[in-house]
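I have placed the structure first, in the form of structure tokens, so that the comments after it can refer back to it.
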Amino acid sequence: MNKEISPAQNIIENVCKIKKDEKVLIIANPSTASIAQRLYEAANDAGARTSLIYQNAKTSFDNAENTVLAAIASNPDVCFSISEIKLGKDPVGTATPYITKSGETFTHIFDFLLEGKKSMRGVWTPGLTEDMFNRTVNIDYELLGKNCRRLCELFKNVVSVQVTAPGGTNITVPVFERDLLCDDGDFSKPGSGGNIPAGEVFISPLVGKSEGIIVYDGSMTFSDGDSILSTPITCRVEHGFVSDITGGAEAKRLLKTITEAEERSLAYEASGKLPLGQGQVYRRNARNIGELGIGLNPAAQITGNMLEDEKAFTTCHFAIGENYDNDAPSLIHLDGIVRKPTITLTYDDGSTKTILSDGNLTI
């Protein structure tokens, strides 16, 4: 990897491998204008047909602007969401989900084109800062890809994952027949995409099956942003859903976010923003354990910005809310960091394999 090129050039040339005359759409907020402009210029230099559009910052509960959603619906070859917090929800897709020929449903046009039709490549960067951009982009993508491929191999035929940590986490996460997904920094093929900075693997637990305790002791996502935790948040998980939340002020902040998502789910159905019967589904999944992820970016640190925190070495993260297998829709997806986890895989033949020990890869 050539470290002499700029982070923007690296993303355009080596991560997305943008070619001449490809259509590139960049969506930004005023606060992310500098990074978006650098990507715009790098894409233009690569010969792409590039468009840059702005909208105000959006929270977890806000809708994206109609003009932004229409721009995405034009089906660019590559779409960048360079957002301060979130891209924003798709109210049309939420009320009437997009359906693929195979019957898979998606509640956002971005996800439908990326994962459903696989006609677009996507990059999303919720919370990206100049400092993070400059520190975490120019990494060894060959090594990152090697680690991701090795973990994908190890996750084949896994029935459950046990995670323990010094902070008190002790949870078993069933994942039978779920696929491990990779944010490996190779977004060169239609249907591929992920975060910048890249560097994690993640999987959706089976809905309603996880059991145990998660103690978040790194950082946490809330509806209004991310924070390093001054006091750990303890979540009891029963039958796949968070049943109890304890800790200090930040635990109350998490509970407030979840409660708001539960209440809005019912209100959205009552107002027609969700299909009939989906309000209760979304309400239930506001407490779902939607993701287990492992950080693999050696340049990432815990800074209180989840975009970077979830990529940090010696950490894992659990998300509360929506998952990545589209069978647990929710209004939220709240990531939280667990420091120095030990992660052990159990296979369908009863054998086990420890892939992280006190946060360190053992593969």
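Values quoted throughout were computed directly from the atomic coordinates according to the rules given, and no laboratory measurement underlies them. Keep in mind that this is a model prediction, so the values were computed, not measured. So basically every Cβ, Gly included, is an ideal-geometry build from the backbone, and we count neighbours across all protein chains shown.
Considering only Leu180, Leu25, Ile214, and ranking their Cα positions along the charge dipole of the chain that arises from unit charges at the beta-carbon of Lys, Arg, Asp and Glu, the one farthest toward the positive end is Leu25. A Stokes-Einstein calculation at 25 °C with viscosity 0.890 mPa s, built on the Kirkwood radius of the chain over Cα pairs, returns a diffusion coefficient of 119 µm²/s.
Pairs from the table (Lys189/Lys252; Lys17/Lys353; Lys209/Lys252) lying more than 32 angstrom apart at Cα are Lys189/Lys252; Lys17/Lys353. For segment 48-91, what are the per-bin percents of Cα-Cα distances with bins 10 Å wide, up to the bin holding the maximum? In whole percents, the pair-distance histogram is 27, 58, 15, 1.
Averaging Cα coordinates gives a centre for segment 213-285 and one for segment 157-193; these two points are 21 Å apart.
Within the listed set Asn134, Asn305, Asn29, the residue fluctuating most in the Gaussian network model of the chain (springs between alpha-carbon atoms under 10 angstrom) is Asn134. Under 37 °C and 0.692 mPa s, how fast does segment 184-280 diffuse according to Stokes-Einstein, given a Kirkwood radius computed over C-alpha pairs? Answer in µm²/s, whole number. It comes out at roughly 203 µm²/s. The GNM of the chain, with springs linking C-alpha atoms under 10 angstrom apart, assigns the highest mean-square fluctuation among Asp325, Asp131, Asp335 to Asp131.
How big, in percent, is the set of alpha carbon pairs in segment 262-363 lying more than 16 Å apart? Roughly 64 percent, once rounded to a whole number.
If you take the alpha carbon atoms of segment 131-203 and fit the smallest convex hull around them, that volume is 124 Å³ per residue.
Taking 4.7 Å between beta carbons as the limit, the unpaired Cys residues of the chain are Cys16, Cys79, Cys152, Cys235, Cys316.
Taking loop as defined by DSSP and a crowding limit of 12 other beta carbons within 10 Å, which trypsin sites (Lys or Arg not before Pro) in segment 24-106 fit? Write down the numbers at each step before the final one.
Values: sites: Arg38, Arg49, Lys58, Lys86, Lys89, Lys101; in loops: Lys101.
Hits after loop and neighbour filter: Lys101.
Here, segment 3-73 has an Rg and a Dmax of 13.2, 40 Å when only alpha carbons are counted.
Normalised by 2.2 N^0.38 Å, with N the number of residues, the alpha-carbon radius of gyration of segment 294-334 equals 1.31.
On full extension, the segment bounded by Glu65 and Tyr347 gains 97.0 nm, given 0.36 nm per residue less the C-alpha separation.
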